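Have a look at the structure below, then the notes.
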Amino acid sequence: MIKQTKQNKTKQKPNGIVAFLDEEISLATGTEAGFLEKITKVFDGHAHFQSAVSGKKGAAKIPAGSFILKHYAGEVLYSTDNLLDKNKDQLFKLHQEVMSTSKSKAVRIMFPPIDSRSTKRPPSAGTQFKVCFF
């Protein structure tokens, strides 16, 4: 996962692409374009990141509203179309509670028990996905 380096950290938070996505979702005025602009501003100097609005050579070949991450398996193109809505996909608390009692350790890690009295916003789909790998 691409994280901010000492050279490009402007704030302590957010720290990675999923964190920027969660931050953009939490804004009343959050947009896919705003998300892409923010991650490009922070990660444009990273060797494993390139976006359509990047200043890097070859950026013109990337479709508008998209970015590329270089993974172990090669370059992967991500589109920001409807990305905020997809990441807002949050499980209802009841579903979270059911998943947290699964016999599968991996599922229990992805869906830890929550306080049913809490008014705190549940984690986004992207955050839950990230947690299962780290």
*Tell me the helices (runs of 4 or more DSSP H) entirely within region 38-114 that contain at least 2 residues that are closer than 13 Å to Ile17 by Cα.*
83-87
*Quickly run through region 53-80 and pick out the residues that are of a type in the set (A, V, I, L, M, F, W, C) and out of contact with any helix residue (DSSP H, G or I) (no Cβ under 6 Å at 6 or more places or on another chain).*
Ala59, Ala60, Ile62, Ala64, Phe67, Ile68, Leu69, Ala73, Val76, Leu77
*Might you check whether a residue that is over 19 Å from the mean Cα position of the chain (by Cα), surrounded by 10 or more Cβ atoms within 10 Å (Cβ to Cβ) and at pLDDT below 85 occurs anywhere in region 97-110?*
yes
_If I ask for residues that are under 17 Å from the mean Cα position of the chain (by Cα), modelled with pLDDT under 90 and closer than 17 Å to Asn87 by Cβ, which ones from region 24-67 would you list?_
Ile25, Ser26, Leu27
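The values are calculated or read from the model by the stated rules, or taken from the named source; none is laboratory data. Being a predicted model, the structure only gives us computed values, none of them experimental. Quick reminder, even Gly has a Cβ in these numbers, built from the backbone with ideal geometry, and neighbours come from all protein chains shown.
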